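Q: I have a structure I would like to understand better, so I am pasting it below and will then ask my questions one at a time.
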Amino acid sequence: MDVGELLNYQPDRGAKRPRQDEGGAAGGEEEARGGKQQKGLAARELSRYREVSGVVGIEGGTDMSETEELTGDKKKILEKLMDQDEDEPEAEPVDESSVKKMILTFEKRSYKNQELRIKFPDNPEKFMESELDLNDIIQEMHVIATMPDLYHLLVELNAVHSLLGLLSHENTDVAIAVVDLLQELTDIDTLHESEEGAEVLIDALLEGQVVALLVQNMERLDEQVKEEADGIYNTLAIIENMAEFRPVLCAEAAQQGLMQWLLKRIKAKLPFDANKLYCSEILAILLQNNDNTRELLGEMDGIDVLLQQLSVFKRHNPSTAEEQEMMENLFDALCSCLMLPSNRDRFLRGEGLQLMNLMLREKKMSRTSALKVLDHGMIGPEGADNCHKFVDILGLRTIFPLFMKTPKKMKKTSPSEKEHEEHVCSIIASMLRNLKSQQRSRLLNKFTENDCEKVDRLMELHFKFLEAVQQADKRIEGEKHDMVRRGEILDDSMEDEFYLRRLDAGLFVLQLICYIMVEISNSGISQLHQRVHQILNLRGGSVKVVRHIMREYAESIGDGKSDEYKEMERKRIMDMVDNF
């Protein structure tokens, strides 16, 4: 590094928690936002670099011949800067007293700035200096993030309350500086370093309605200004950190205006950027395992917003990895919403089925996710209306080619063959369960077409998954045997874990396939019944095995459903199994 480089050197300001899969079009922006931003004020930057402005002047218009003359000057300046560094006292160690002192200074400067702004509202020169001082102390407070066990001081000395108050400061630069500080204080790795300190801080933030204040602040920021766009990104990071540390706050956050703001931002006609991607991510997080937020999104016409945003990918693939990630986040959000029965009607009215059906036909990247959405929309008794509508819009013509032949993987990120077959079998099983009269006949006729080729494919899948499950069972039995030999106890939690492993190995898909076999055998169409049994006998299969699988399926049915529904469904399945 030569002298010039030394003079121009900017120290690394420490990195924010990296996001997964950065790169592509939004990569540049992400990198710019990735490092911790000093959201300084323009005036502050000027004052900060006033001493070195001369140096920049010197470096301006030199050519090679002048370099030697300047070297002496540069050395002098460098020595002077070195001397200044030596004169500066060593930084105080961060301990309880230094943090208290810092918080006290912050409170004083905040109060002074507020006082001067009230006194001279139309004369910025009078309060500018105090604003720069306030901004400086907020920057210094970043050091507290290295000591999460001292977070209780921020609460006890009322600093959290004061920081939240500054989120509505007239100068958005000050509000953004506070956002930046809160983002670092709530960094998820830091929070896990001291659970006690983290709990105290999060409690205080929630008590101060932090989400509502952050949303109000975001509403006034202009994303055309880079610093303010970064402020929004860091605000979303605070919300993600808190939601990860305490998932139960999602419902409260959504109610405090966050859901509305996210939908508005996702809908905004702005070019795709890192903020839009992050909004889709936060939306998917809010909707996970939470019926309250799902209901709220439905009431805000959020299903329509999601369908409009996804319709772009009907005929076009996402242009970058980031855009693909956003598409997947929006599909995940839609799947979460469809777990709530009232949202199924909104999906039906919003022509969601027609959009998903088109996506399946277009063979773009969105096809796999569209299949997953249909599965969520048609499953269970609440999916009956969607099942009937799907047949009416000629969905059978779309779904059966996907059943007959699993498409080749488009990309490494595409889901597995097993996942595809699971969704298709689940959709067909849902239709067999929910369809009545004419639509049911149309579905059953599909199985008789072309010399029962669909039944042949069904049986092929049956033996494929049966073999996979039998191999998994063999491994699990071996492990159980070893555990018993070592004298370990097989408790309920271990049994649950083994059952989940069996489901993962393909038991769930096998159960769906056996359900379809039993349903079509009981349909009253002798041709289907004969074909199923003929292939079972030919391939050395066993009716006993199918019955056993269906009994296991009937036992585990109806998670979260009413007892009455469980009992009826079990009885219906067992009657069909007895006739099989």
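Q: With the structure loaded, tell me whether HIS529 is open to solvent by less than 40 Å² (accessible area, probe 1.4 Å), in the same structural domain as LEU500 (by the TED database) and not polar (S, T, N, Q) or whether it fails that test. Break it down into steps so the answer makes sense when it comes.
A: On the way: open to solvent by less than 40 Å² (accessible area, probe 1.4 Å): no; in the same structural domain as LEU500 (by the TED database): yes; not polar (S, T, N, Q): yes.
So HIS529 fails the test.
Q: Further question on the same structure: With the requirement that a residue be among the β-branched types (Val, Ile, Thr) and open to solvent by 50 Å² or more (accessible area, probe 1.4 Å), what does the stretch 462-499 give you? So that I can check it myself, show each step before the final result.
A: To start, the set of residues in the stretch 462-499 that are among the β-branched types (Val, Ile, Thr) comprises 469, 476, 484, 489.
VAL484, ILE489, listed by residue number.
Q: Answer yes or no as to whether GLU223 is in contact with a helix residue (DSSP H, G or I) (Cβ under 7 Å, 6 or more places away or on another chain) and surrounded by 15 or more Cβ atoms within 10 Å (Cβ to Cβ). Lay out the reasoning, then the answer.
A: On the way: in contact with a helix residue (DSSP H, G or I) (Cβ under 7 Å, 6 or more places away or on another chain): yes; surrounded by 15 or more Cβ atoms within 10 Å (Cβ to Cβ): yes.
In short, yes.
Q: Right, next: So, of the residues in the stretch 370-381 that are part of a helix (DSSP H, G or I) and open to solvent by 20 Å² or more (accessible area, probe 1.4 Å), which turns out to be nearest to GLN309 (Cα to Cα)? Break it down stepwise before answering.
A: Of the stretch 370-381, the ones part of a helix (DSSP H, G or I) are 370-378, 381.
In the following step, the residues that additionally are open to solvent by 20 Å² or more (accessible area, probe 1.4 Å) were identified as 372, 376, 381.
Values: LYS372: 17, HIS376: 19, PRO381: 28 Å.
Filtering the stretch 370-381 for residues that are part of a helix (DSSP H, G or I) and open to solvent by 20 Å² or more (accessible area, probe 1.4 Å), the one nearest to GLN309 (Cα to Cα) comes out as LYS372.
Q: State which residue is farthest from GLY231 (Cα to Cα) when the search covers only the stretch 263-291 and only residues that are open to solvent by 50 Å² or more (accessible area, probe 1.4 Å) and in a helix (DSSP H, G or I).
A: We begin by selecting, within the stretch 263-291, every residue open to solvent by 50 Å² or more (accessible area, probe 1.4 Å); these are 264, 267, 269-272, 288-289, 291.
Retained after the next criterion (residues that are in a helix (DSSP H, G or I)): 264, 267, 291.
Working: LYS264: 17, LYS267: 20, ASP291: 30 Å.
For the stretch 263-291, the residue satisfying everything is ASP291.
Q: Another question, then. So which of MET147, MET218 ends up being farther than 19 Å from ILE239 by Cα and either out of contact with any Cys (no Cβ under 7 Å at 6 or more places or on another chain) or crowded, with 17+ Cβ neighbours inside 10 Å (or both)?
A: MET147
Q: Name the pairs whose Cβ atoms lie under 8 Å apart, with the first residue in the stretch 552-563 and more than 16 Å from SER430 (Cα to Cα), the second open to solvent by 20 Å² or more (accessible area, probe 1.4 Å) and at pLDDT 75 or above, and 6 or more positions between them or separate chains?
A: Cβ pairs passing all conditions: GLU555/ARG570.
Q: Further question on the same structure: Out of all the residues in the stretch 527-551, which are outside any helix (DSSP H, G or I) and either free of Cβ contacts under 8 Å to residues at least 12 places away in the same chain or within 19 Å of MET574 (Cβ to Cβ) (or both)? Spell out the reasoning first.
A: From the stretch 527-551, those outside any helix (DSSP H, G or I) are 539-542; that's our starting set.
Those that are outside any helix (DSSP H, G or I) and either free of Cβ contacts under 8 Å to residues at least 12 places away in the same chain or within 19 Å of MET574 (Cβ to Cβ) (or both): GLY540, SER542.
Q: Quick check, is LEU214 of a type in the set (A, V, I, L, M, F, W, C), assigned to a helix (DSSP H, G or I), under 30 Å from PHE272 (Cβ atoms) and without any contact (Cβ under 8 Å) to a residue 60 or more places away in the chain? If you could, list the steps in order and put the result at the bottom.
A: Numbers: of a type in the set (A, V, I, L, M, F, W, C): yes; assigned to a helix (DSSP H, G or I): yes; under 30 Å from PHE272 (Cβ atoms): yes; without any contact (Cβ under 8 Å) to a residue 60 or more places away in the chain: yes.
When the stated conditions are applied, LEU214 passes them.
Q: Could you look through the stretch 441-460, keep only residues that are among the charged types (D, E, K, R) and in contact with a Leu (Cβ under 8 Å, 6 or more places away or on another chain), and pick out the one that is most open to solvent (accessible area, probe 1.4 Å)?
A: Step one: filter the stretch 441-460 for residues among the charged types (D, E, K, R), giving 442, 446, 449, 451, 453-454, 456-457, 460.
Narrowing further to those that are in contact with a Leu (Cβ under 8 Å, 6 or more places away or on another chain): 442, 446.
Numbers: ARG442: 80, LYS446: 38 Å².
Ranking the qualifying residues of the stretch 441-460, first place goes to ARG442.
Q: Within the stretch 405-416, restricting attention to residues that are open to solvent by 70 Å² or more (accessible area, probe 1.4 Å) and at pLDDT below 85, which residue is nearest to LEU461 (Cα to Cα)? Spell out how you get there, then give the answer.
A: Step one: list which residues in the stretch 405-416 are open to solvent by 70 Å² or more (accessible area, probe 1.4 Å), which gives 405, 408-413.
Subset that is at pLDDT below 85: 408-413.
Details: LYS408: 17, LYS409: 18, MET410: 22, LYS411: 24, LYS412: 24, THR413: 24 Å.
The residue in question is LYS408.
Q: While we're here: Which residue, of ARG361, ARG367, ARG294, is open to solvent by 50 Å² or more (accessible area, probe 1.4 Å), in contact (Cβ under 8 Å) with a residue 24 or more places away in the chain and part of a helix (DSSP H, G or I)? Explain how you work it out, then say what you get.
A: Details: ARG367 fails: open to solvent by 50 Å² or more (accessible area, probe 1.4 Å); ARG294 fails: open to solvent by 50 Å² or more (accessible area, probe 1.4 Å).
One residue alone meets the criteria, ARG361.
Q: Being in a helix (DSSP H, G or I), among the hydrophobic types (A, V, I, L, M, F, W, C), crowded, with 19+ Cβ neighbours inside 10 Å and touching an Asp or Glu at 6+ places or on another chain (Cβ under 8 Å): is that true of ALA429 here?
A: Details: in a helix (DSSP H, G or I): yes; among the hydrophobic types (A, V, I, L, M, F, W, C): yes; crowded, with 19+ Cβ neighbours inside 10 Å: yes; touching an Asp or Glu at 6+ places or on another chain (Cβ under 8 Å): yes.
Taking the combined requirement at face value, the residue satisfies it.
Q: Only one of LEU236, LEU213, LEU182 is modelled with pLDDT of 95 or more and open to solvent by 10 Å² or more (accessible area, probe 1.4 Å). Can you tell me which?
A: None of the others qualify; the one that does is LEU213.
Q: Which of the residues belonging to the stretch 500-519 are open to solvent by 30 Å² or more (accessible area, probe 1.4 Å) and either among the acidic types (Asp, Glu) or touching a Ser or Thr at 6+ places or on another chain (Cβ under 8 Å) (or both)?
A: ASP504 - this is the single residue of the stretch 500-519 that is open to solvent by 30 Å² or more (accessible area, probe 1.4 Å) and either among the acidic types (Asp, Glu) or touching a Ser or Thr at 6+ places or on another chain (Cβ under 8 Å) (or both).
Q: With closer than 23 Å to HIS420 by Cβ and among the basic types (Lys, Arg) as the only criterion, which of ARG501, ARG547, ARG486 stands out?
A: Values: ARG547 fails: closer than 23 Å to HIS420 by Cβ; ARG486 fails: closer than 23 Å to HIS420 by Cβ.
Among ARG501, ARG547, ARG486, only ARG501 is closer than 23 Å to HIS420 by Cβ and among the basic types (Lys, Arg).
Q: Failed condition for HIS169, given (1) surrounded by 20 or more Cβ atoms within 10 Å (Cβ to Cβ); (2) more than 29 Å from ALA229 (Cβ to Cβ); (3) without any contact (Cβ under 8 Å) to a residue 12 or more places away in the chain; (4) not acidic (Asp, Glu), with all others met?
A: It fails just one condition, (2).
Q: Here's something else I'd like to know. Check off (1) touching a residue at least 12 places away in the same chain (Cβ under 8 Å); (2) not in a helix (DSSP H, G or I) for GLN224 and give me the number that stays unchecked.
A: (1)
Q: Right, here's the next one. Name the single residue, out of those in the stretch 306-354 being in contact with a His (Cβ under 7 Å, 6 or more places away or on another chain) and part of a loop (DSSP other than H, G, I, E, B), that is most open to solvent (accessible area, probe 1.4 Å). Write out each step before concluding.
A: Pass one, the stretch 306-354, residues in contact with a His (Cβ under 7 Å, 6 or more places away or on another chain): 335, 338-339.
After this cut, where a residue has to be part of a loop (DSSP other than H, G, I, E, B) as well, the list is 338-339.
Values: LEU338: 0, MET339: 104 Å².
Residue satisfying both the conditions and the ranking: MET339.
The values are calculated or read from the model by the stated rules, or taken from the named source; none is laboratory data. If you're wondering where the values come from, they're calculated on a predicted model, not measured in any experiment. Cβ coordinates were reconstructed from backbone atoms using ideal geometry, including for glycine residues, and neighbour counts include every protein chain displayed. All accessible areas refer to the heavy atoms of the entire protein, side chains included, with ligands and DNA or RNA removed. Shrake-Rupley method; radii C 1.70, N 1.55, O 1.52, S 1.80 Å.
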